[in-house]
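Chemist: Structure in structure tokens, see below.
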Amino acid sequence: MDATESLPWQPLQPGFSIKVLRAPSDAEPRAALLRLEPGTVIALHRHTGDVHAINLQGTRKILTTGELVGPGQFVYEPTGNVDSWMAIGDEPCIIFVVVTGAIEYIGKVGEVLSRSTNASAAESYRRYCDSLTAAA
């Protein structure tokens, strides 16, 4: 069992960072911790597989529905779900997610702007951790 506290947070955009806990292959689910600072928005995206998420800390607002998700609450997103959300309140929002399939960030007319897979997320996180080790 690994201690997640010792893993670094990889910044993905201002106010949004990730710890990739497991991403063995694109055929298997990935597990990660997400951290959003208050006011940070996750852009409109579509899931090509199921997502299971539990808020560990903080609150987020699902912008597509207005739903508030607080500490201890679970969210299931089925394949094909499209949403956008933001961290609200005074503290960072930390979420544990298990993601099957890719996450496609989409534009205003449904075009795919970028795509995150298990392989791309794991490789990006590995490179980030390696850069920290090389700098030490």
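Chemist: Out of (1) over 12 Å from the mean Cα position of the chain (by Cα); (2) in contact (Cβ under 8 Å) with a residue 24 or more places away in the chain; (3) closer than 18 Å to Pro29 by Cβ; (4) part of a helix (DSSP H, G or I), what's the single condition that is false for Tyr76?
Modeler: So Tyr76 meets the others, but not (4).
Chemist: Now for a different question. Kindly indicate which of Ala53, Ala23 is of a type in the set (Gly, Ala, Ser), within 13 Å of Ile94 (Cα to Cα) and surrounded by 14 or more Cβ atoms within 10 Å (Cβ to Cβ).
Modeler: The match here is Ala53.
Chemist: To continue, here is another question. Filter segment 26-57 down to the residues that are closer than 22 Å to Thr79 by Cβ, assigned to a strand (DSSP E or B) and of a type in the set (S, T, N, Q) and list them by number.
Modeler: Asn55
Chemist: Right, another one. Restricted to segment 101-136, and to residues that are aromatic (Phe, Trp, Tyr) and not in a strand (DSSP E or B), which residue is surrounded by the most Cβ atoms within 10 Å (Cβ to Cβ)?
Modeler: Result: Tyr125.
Since every read-out is calculated from the coordinates, none of them should be taken as a lab result. Remember, predicted model here, so these are calculated numbers, not experimental data. Neighbour counts are summed over all protein chains in view; Cβ atoms, including those assigned to glycine, are modelled from backbone coordinates with ideal geometry.
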